[in-house]
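Participant: Take this structure first; my questions come after.
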Amino acid sequence: MTGQGQGFSLPWILLAAALVLHVPPTSGMYEDQIGKFDWHQQYIGAVRQAAFDQSAPVSKRIFVGTESNVVAAINSRTGQLAWRHVQERGDPWGVDVVLHKGNVLVTVCSGGDAVRAWDPASGTLLWEFLAKEKNDSPAKALLVEGKQDERSHVESVAVLTKKTLRILSAVDGHEMVSTEVWSGGETGGTSVLHQASNGQLYSVSISSQAAVQIVSYTHVPGKGYEAVKRVIPAGWASPQSTQCVVTGDNVLVCSEASTNSLHTMSLVDGSGFSAVTLLSLGFNSWQPDSLAISAVQVGRKEVLLRLAQDHYVLLQATADTITVLKDLPNVYATTTARSQDRDIMFLVTVYTFLKRDGSTGYRALLQMEDQTLLMLQQLQGNQGHVMWQRNEALASISAVDQVDLPVSETESKFEEEFGEESEEDLSIWQMFTRRITTQLEQLKDLADKFEEYRKPRAKQVEKQLERDPFNLRKMIVAVTSAGKLYGLDSANGDIVWQYFLPNIRCFGQGEMYLFVQRTTAHFPHPPQAMLVAQDKATGNGLVFTFNPTTGQPVNTTATSGILQPFKVLQAILLPVMNNHHLHPVMIVDSDHGVHIFPPSSSVLSVLKKNNGKIFLHAADLEKSTLTGFSLTTLKDGKVELAQAWHLSLPIPSQKIVSVVPRRANEHVHSQGRVLSDRSVMYKYLNPNLLAVMTEGIERDIPLLTLYLVDAVTGQVVYSMQHKRASGPVHLVHSENWVVYHYWNGKFRRHEVTVLELFESQGDRNSTTFSSLSTQSLPLVLQQAYIFPMGLSAMAVSNTERGITARSLLLALPNGGLMTLPKNILDPRRPIIPTKQHQEEGVYPYIPELHVNPMTLLTYNQSIEGIRGIHIGAAGLESTSVVLAYGLDLFYTRIMPSQMFDVLKEDFDYFFISSILLGLVLATLITHRLAAMKTLNRSWR
Amino acid sequence: MEIAKGGQSYLILLVLMNLAAVGRVLSQEDVSVGGGAVSSSAGWEEENGTGAAPTTFKVEGKAMVPGLKTLEWIGDAKIIVDHGAYLGFFRMDGSFSLYVPSGSFVVEVVSPTWAFEPARVDVTAKGKIRARKVNLLQIQKNDPLPYPLRFKSKGRINYFERREQWRITDFLFNHMVIMMVLPLVLLLILPKMINTNDPEMQREMQQSMNMLSPNKDLPDMSEFFTKMFGGGETKKTTTSRKVKRRQ
C-alpha cells in the first residue's frame, strides 16, 4: 500500500488504492434494482403522417410516421407504443408517407430512398426497397389497387420522388417499373400521384419551364406498364408556388400563389387549363404564402382550399368551373371521415369541434403546435374528452438542466434565521424570541409528522416538491425545439409544469441557451432561470426568465419572453453574483455589443469591481480562428468587449468541430498523484484551459488536430495530430485530462485517446492559479485505446466535492449507456508492469477496451437516439444523477466509486444486530457460568 | 385542457378521424383493370430504369437464436453497420439485407437480450463480398466466415451482478471463522475424546508432557530469577505443587 504518503489527500489515495487492488472495476447493478432509481420514457417525435389501423375489425392502433424518422404503432386507448422502429436519420422532414390499407402498411422515407412494408400486428419488416437518390424533398406515394375476384386489393406501391417514379410490388417489394420523371435535363417539382377510377395511374408534375407534365401508366397484363406522356403548357405554373390536387372525378385542380388563381382541367383528356381568380370567387383576403389545396377524401369531388392559417374554403371543381360550397373561417385544420352512408366533415377549430352528425362515434388524433399528441373521443352531446396525450416535444430537447428542489418549509425557516445576513441589526432579545418561535414551530412540525404517520391523511394533497435529505431528487428543466418548456420530477419523470413559448426557435446549430441564474440555495429569493432563444419571425434574440421549480415567468407582463432588438451571437452566464445572489447573463450581439441581463445597477457595480478580470473566447468555426476578449466596464457604466488575443490555427483547411472548456466551478479534490517512490506528480489544473478539436482533409489525408489553449492568454499549451483519423469526435475535458473518441481510418476502428497534464517540475503557487504568471508548459502523458464501437455522446461524471473517482459515460449505438471508470483510461498504464506500478495500482496496458454488459446502466433497455447526457451532482458525494436525452429520456444514478458514504441498500441489518445481540447474550451467559464455576470451586 | 397553460392559441396541424366499426371501402365502383400478378417488363428497365445507384451492393444474411422462434426475439432486434452508419431490419424469417457501398464494414446484430458476435464484411468495387471475423488489433487478419452471413446467438446477455446471498456454508468456510472455531474445537472436544481413566493413556500423556515440559537439566528462566532474588526453599515448593496438580 502507499504507506505514509505525503499527500494531504492520503485517506482518499488509500481508499482508491484499496479499491483498485481489491475490487474489480465493475459497478454492475443487481436484478432487483430495476426501476428503483432509473426510468425510461420512449418517444417518437412530432407526427407527420398517421393512419388508423384497419387490419383488425376493432381498431386499436394508430400507425404513425414522425419527423424523427420513426415508424410506430400507438395503442389508441392508452397512448402507449405497441411497437416502434427508428429508421436511419438523414433528412429534416422524417417519414415522407405512411400508407395503410387492409393488411398493408408501407412507409416511405428519406425522400423516397427507403420504402418499407411492415406487418401491422407485430411491426416486423415484410420487405424493403432501398435506393440512393438523395432527394431534397419528400416523396409522394400511393397504394395502387387492382381488382381480383370482384374484390379490390393492393397490387403495388407507386412512389414518386423528385426524379423517378417507381412501382413496387406490394407482395415482395421488387421493382416493377422505374422511370425518370424528367427527360433531358428538365427539372421541376410539385408532383401528384393519382389513381383514376378506371385503375389508370397518373403522375402530375410541374416543370420549371412553365408546363405541366402528365404521365399516365396503364397496366398491360403480361407486359407490365405502358406510359403515355402529355405536356400541357401552363404559363402560370411554377414548381415553387403551385400546388395541385386531383379530385375523385379526375379533375386536376391547381392553386397558384403568385397569381392568386385556381386552375382546373380534366386529368384524363384535358388539353388546357381554365383559370379562376380568387377575387372572382368572392374572396378578398388571403395569405399567399399559406395558400394550399387538398382533397377532402380520396374519391370525393370536393377540394379544400386554405386561404390563411385559420381560414379554409370548401370548393367543388369540375373540368371548367369552380363553385364555393362553404366558407370556413376560424378553422385551423380539417379532415373527413367516412361513415356507412355519407361522408362527415370535421372541422377542428381552436376551441370547439363542429360536426354535422352527432350519432356516429369518432376519435380524433390531434398534433398540436407544441408537438403534443392528443387523442380525443366524442362523448355524449357536443363534448369531447382527451383520452390520452403524449408530450412528443420531449423527443427534441435542445437545452436541459437539473435544478435542486427548494428546501422544506422547516428548513427554510432555519435558513431565514441564519442563512441571510439580515439587513437590520436585531437586538439580542429579538434574536432570542425569534429563535424560540422557530424552535416551537419546528416542534409543531415534528408533532404534525407524527400525526401524519399515525393516520395517513385521507385527502391526497399534492405537496409541493421538496428536497430530500441527500438532494437526489431534482427538477429537470427541459427546453425543446418546439418552444415548449417542461419541468420534470427526476424521481419518476412526471411532468410537474409546462410552459409554451409559441414564437421561439433554436439558433443555427440547434441550440438554445438555458442558464440557472440563481439556484434554490438562497432561500428568501426564488430560484431563477433564463432562456435565450431566437424569435421565429424576426430572428432576433428573445429572453425569457422564469422560476425553474414552478415554471412561472418572473416578469408577469412578458409571458412569452422579451423580444430584443438585436441578433444573438453568444450568451454566457457570468461567474459573478450581485447582492441578490443573481448571476447576470451576458449576451453578445452580432455587432459584438454587450448586453447584460438584468441590467440593474447592482449587477453593473459587481462588473465594475471585476473590471478586466472576466475573459471570454469566441471561435469562428469556418475560419478556424479563436479570439479572446476581456470584459471591461467603461466610466459611464457601459460594458464592452476588448480583444485580448487572437489565434488563427495553423492549418486553415481544418474546421473547428468542438471547443470544450472545463466545467465551471469544477471541484478537484486531489491535487496530485502519489507515485510508488512517495514522490507526487502534481496535476496541471488550469481552469481556463480549452480543448479545441479541428477536423479536415490535408493533402487527401483526413486529419484531426487537438489544441489545448489557455483562454486568458491565447497560449497554445499543447497540440497533437492524428493522421488518417476523422470524426465524429466526442471529447470530454475535466480536471487535468482530456479524453476523445474518433475514427481511425488507417486501421478502420474507433479509438479513444487520453491526455493527462501534469505540472512540470519546479516551484508553483498552489493556492491560486493565474494564467498570466505561468510560463512553464505542462508535462503531457498520452495513450490511445481501441474502442469496439462508435459513440453517439460522451460525458464525464461530476460530484459535489470531486472526491469520488470520475467515470465516463458513453452512449453506444445499440442504445446502451455505458460507464467506463477513468482509471482504466490512464496514460500511465505500463506495457511492462513492474512492482512499482502494482504498488501504485496502475493496470498493465491492454490496447483493446471491452464493453462489459454489466457496465451498461440501461441494462436490457435501448435508449434510442441519445444526443446528449446531462450530469448533475447529488448531495451525496458518491452519487451523480444522469439524464440521457435524445429521442428517448433515461434517468439514473451512478456511484463511480461505489457507495462509500451511505450504507448499501442490501446492508444486512438483521445479521449485524443478531450477531451483536448474540454476543451480548453470550457475554452475559458466560459471565454467569464463570461465576457459578468459581463459586463451585470455592466450595470444593 | 392542461396544455392551455401557455395561454396562447395552439395551432393544430394534423387531424385524423376514425369511425368506430365502420369498414372503409374505397368508392371506386368501376375498376376495369384485370387482376393477376404484375410482371416486370424488361424493356422498361433498359430504356429508362436506373434502379438503385450502382455503387451500392446488397449484403444478405440471417440470424437465429437457438431454441427460439424468430418472432420471439426479432421484435426489438436490428442490424447496424459500422455502429449506426446503415441500418437493417429483420424479416419474419430472421433474414435481412443491407445496401452498402464498397468498402469494409462491421455488421452487428443488436438485440437487448441476446448476444451476437459481429462480423466484418468486405465489399469490393465490383461487388464481391466476403465476410470475416472482426479483429480490431490485426485488421488484415483473415478469419473467414460464411457468406451470406449467419449470426448465431452466443446466449443471453447478462446485465446484472449476482447478489450475494447469505449461506451458512459461506459463513462456516470463512477463514476467519475457521481460525476461531478450530482451536476452540480442539480445546474443548479433544480432551473429552481421550479417555483419561485408561492407565495406558495416562502413561502416554505423562510421557508427552515430560517431553513438552522444559528440560529439567536446563535452568528455567523463572527459576533462575527466583534463585537470584528469592530464597532457596521456594524452589522445592513450586515443583512439588506442580507435580501435585498434574496428578
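We did not get these values from a lab; they are worked out from the coordinates using the rules stated. Quick caveat: nothing in here was measured; it's all calculated off a predicted structure. Ideal geometry is used to build each Cβ from the backbone, glycine not excepted, and the neighbour counts take in all protein chains shown.
Participant: Efficiency by 1/(1 + (r/R0)^6): what FRET value for B:Ala125 and A:Lys746, r their Cβ-Cβ distance, R0 = 25 Å, to the nearest 0.05?
Facilitator: Numbers: r = 20 Å, r/R0 = 0.79.
E between B:Ala125 and A:Lys746, to the nearest 0.05, is 0.80.
Participant: Could you list which residues have their amide H under 5 Å from that of A:Asp468, counting only those 5 or more apart in sequence or on another chain, with H placed in the peptide plane?
Facilitator: Correct list: A:Arg473.
Participant: Order these by the 10 Å Cβ neighbour count, fewest first: A:Ser481, A:Ser914, A:Ser266. Spell out each step's value before the answer.
Facilitator: Numbers: A:Ser481 20, A:Ser914 11, A:Ser266 14.
Starting with the residue having the fewest Cβ neighbours, the order is A:Ser914, A:Ser266, A:Ser481.
Participant: Okay, moving on. Just to be sure I understand the model, the point goes 7 Å from the Cα along the line to the Cβ. What's the resulting A:Asn852 to A:Lys933 distance in nm?
Facilitator: Using points 7 Å along Cα→Cβ, the separation is 5.0 nm.
Participant: Same structure, new question: For labels at A:Gln287 and B:Val185 in the simple 7 Å Cα→Cβ model, what's the distance in nm?
Facilitator: Here the modelled spin labels are 8.9 nm apart.
Participant: Output wanted: per-residue J couplings in Hz (rounded whole) for segment B:61-68, from phi through Karplus 6.51 cos²θ - 1.76 cosθ + 1.60, θ = phi - 60°, x for Gly and Pro.
Facilitator: Working through the residues one at a time gives x, 8, 10, 8, 10, x, x, 9 Hz.
Participant: Partner chain Cβ atoms within 10 Å, averaged over the residues of A:843-849 - can you pull that number for me?
Facilitator: Details: counts 0, 0, 0, 0, 2, 3, 1.
Average neighbour count from other chains, rounded to a whole number: 1.
Participant: Right, here's the next one. Take A:Lys449, B:Lys78 and order them by how many other Cβ atoms sit within 10 Å, fewest up front. Walk me through the intermediate numbers first.
Facilitator: Numbers: A:Lys449 11, B:Lys78 21.
The most exposed by this proxy come first: A:Lys449, B:Lys78.
Participant: Order A:483-493, A:831-841 from most to least packed using the mean count of other Cβ atoms within 10 Å. Provide the component values of the computation, followed by the final result.
Facilitator: Values: A:483-493: 20.9, A:831-841: 13.2.
Output ranking for A:483-493, A:831-841: A:483-493, A:831-841.
Participant: Okay, next question. At what distance in nm do the modelled label points of B:Thr226 and A:Asn665 sit from each other, each positioned 7 Å from its Cα along Cα→Cβ?
Facilitator: 7.7 nm
Participant: Order of A:880-893, A:695-708 by packing, highest average Cβ count within 10 Å first?
Facilitator: Values: A:880-893: 23.6, A:695-708: 16.9.
Going by the mean number of other Cβ atoms within 10 Å, highest first, we get A:880-893, A:695-708.
Participant: Mind checking the mean number of beta-carbon atoms from other chains within 10 Å of the Cβ atoms in B:66-79?
Facilitator: Values: counts 0, 0, 0, 0, 1, 3, 0, 0, 4, 4, 8, 1, 7, 0.
Per residue, the number of nearby Cβ atoms from other chains is 2 on average.
Participant: Same structure, new question: For A:Gln861, what charge total do you get from the other residues with a beta carbon under 12 Å from its beta carbon, if Lys and Arg give +1 and Asp and Glu give -1? Let's see the in-between values first.
Facilitator: Values: positive: none; negative: A:Asp38, A:Glu864, A:Asp888, B:Asp76.
Here the count lands on -4.
Participant: Another question, then. Check chain A for me: any Cys whose beta-carbon has no other cysteine beta-carbon within less than 4.7 Å?
Facilitator: Within chain A, the cysteines lacking a partner Cβ under 4.7 Å are A:Cys109, A:Cys506.
Participant: For chain A, calculate the relative contact order in percent as a whole number, restricting contacts to Cα pairs under 8 Å that are 6 or more residues apart. Please list the in-between numbers first.
Facilitator: Values: 2012 pairs, mean separation 64.7, N = 940.
That works out to 7 percent.
Participant: Taking the Cβ of each residue in A:Phe747, A:Phe515, B:Phe173 as the centre, tally the other Cβ atoms inside 10 Å and list the residues starting with the fewest.
Facilitator: Values: A:Phe747 16, A:Phe515 21, B:Phe173 10.
Ascending Cβ contact count within 10 Å gives the list B:Phe173, A:Phe747, A:Phe515.
Participant: While we're here: For segment A:56-210, what's the relative contact order in percent, using C-alpha pairs closer than 8 Å and at least 6 residues apart?
Facilitator: Details: 340 pairs, mean separation 19.3, N = 155.
This gives 12 percent for segment A:56-210.
Participant: Between B:Met209 and A:Ser776, what FRET efficiency comes out of the Förster formula 1/(1 + (r/R0)^6) with R0 = 60 Å and r the beta carbon distance, rounded to 0.05? Write out the running numbers ahead of the final one.
Facilitator: On the way: r = 76 Å, r/R0 = 1.27.
Step by step, r from the Cβ atoms, then E = 0.20.
Participant: Would you mind counting up the charge near A:Ile846? Only other residues with Cβ under 13 Å from its Cβ, with Lys and Arg at +1 and Asp and Glu at -1.
Facilitator: Values: positive: A:Arg829; negative: A:Asp826, A:Glu848.
Charge balance near A:Ile846 sits at -1.
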